[in-house]
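Take a look at the structure below.
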Amino acid sequence: MSFWRAHSSVGGWIGIILSSVVLFTTLWLIGLVVSGPLNLTSFLLGMLTIASVVTLAMLVFWTYGYYSLYYTLDRDALRIRWTGYETVIPISDIRQVVEEPMEHGGVSLPFLHWPGYCIGHGRAGGTNASYYATTLNHSPLLLLTEQGGYVISPEDPEGFVEALKLRQSLGPVHSVAAGVNTLGLFRLSLWSDHLAQWLWLGACLVNLFLIAYLCAVYPTLDPVVPVHFDAMGQVDRIAPAVLVFVLPMIGWLILIVNGLFGLWLHGRQRMATLLLWGGTIAVQGFLWVAALGITFHEMVA
């Protein structure tokens, strides 16, 4: 088996710089949230912080993808590895290799296209093509098959072409099917179960709306609020108003625990995961009832 790393380019440094900018922005937003008062503005800043964290995670993942990109050749197939995906192209399927600079044609993953880095599906050489390249200007290769094209950028394109021609002349040893294989965590069945994903995301949204509500009403609450009532409906326990935020914290703890357990359970008993995460939404609803009971009593008192 022969191994080729992707051509070195500025794509990796661009990913690192973008990730660093978003990281410092995230830390700045966290500082604003921590130092500011609890109100609706702090909630909106918190949502910006979450969006920034998600953006940072995506950029780090994409940058990792740049450094994880490589190509291997054996007697049977060309294999393109990018993050947790392996694209398999049988040697016998490759009809022609085009060696010339090219422009990306409407790549379907625009956020994964910046100088020195292009991943996605688009057009190249007049055909549909999958891009797995770190350069489109310095000796990229367009591999043409009956199913479409593949744009790659091995660090030694001449050596790659020679090795490919040698294997084509020798012929394959085993029959290999073309396709994309998932590896590691990418093989989890959860990624294809949209209902399970929406159930867990729905529970997250219910909790986030609860936080938004508490942030909005918190400035109107007294320093202490009733948290328990006796059988006659009289207050028998009070606590500092800030403790109302314990309710969504409990909700997030349940979300994390049930989320991890459901993730482990999904490949074994999908229905059990759906019931677990559906129940998680119900728990978030009970926390809403508790929060409304505390704050409504306080506002009408």
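The values are calculated or read from the model by the stated rules, or taken from the named source; none is laboratory data. This structure is a prediction, so every number in the text was calculated from the model and none was measured. With ideal geometry, Cβ positions are generated from the backbone for all residues, glycine too; neighbour counts draw on all protein chains shown. Remember, those area values only see protein heavy atoms, side chains included, never the ligands or the DNA or RNA. Shrake-Rupley method; radii C 1.70, N 1.55, O 1.52, S 1.80 Å.
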Test: residue in segment 116-124 that is touching a residue at least 12 places away in the same chain (Cβ under 8 Å), open to solvent by 40 Å² or more (accessible area, probe 1.4 Å), farther than 30 Å from residue 170 by Cβ and part of a loop (DSSP other than H, G, I, E, B): no
Can you confirm whether segment 77-85 contains a residue that is in a helix (DSSP H, G or I) and over 17 Å from residue 120 (Cα atoms)? no
From the set of residues in segment 19-29 that are aliphatic (A, V, I, L, M) and open to solvent by less than 70 Å² (accessible area, probe 1.4 Å), which is farthest from residue 56 (Cα to Cα)? 29
Specify the residue that is farthest from residue 92 (Cα to Cα); the eligible residues are those in segment 133-167 that are surrounded by 14 or more Cβ atoms within 10 Å (Cβ to Cβ) and in contact with a helix residue (DSSP H, G or I) (Cβ under 7 Å, 6 or more places away or on another chain). 134
Which residue is farthest from residue 81 (Cα to Cα), if the candidates are limited to segment 199-227 and must be open to solvent by 70 Å² or more (accessible area, probe 1.4 Å) and part of a helix (DSSP H, G or I)? 220
Does residue 153 meet the test of being touching a strand residue (DSSP E or B) at 6+ places or on another chain (Cβ under 6 Å), within 22 Å of residue 7 (Cα to Cα) and hydroxyl-bearing (Ser, Thr, Tyr)? yes
Residue count for segment 70-98, restricted to those that are aromatic (Phe, Trp, Tyr) and open to solvent by 30 Å² or more (accessible area, probe 1.4 Å): 2
The strands (runs of 3 or more DSSP E) lying wholly within segment 130-198 that contain at least 3 residues that are closer than 24 Å to residue 68 by Cα and of a type in the set (A, V, I, L, M) are 141-145
Within segment 57-69, how many residues turn out to be open to solvent by less than 30 Å² (accessible area, probe 1.4 Å) and part of a helix (DSSP H, G or I)? 5
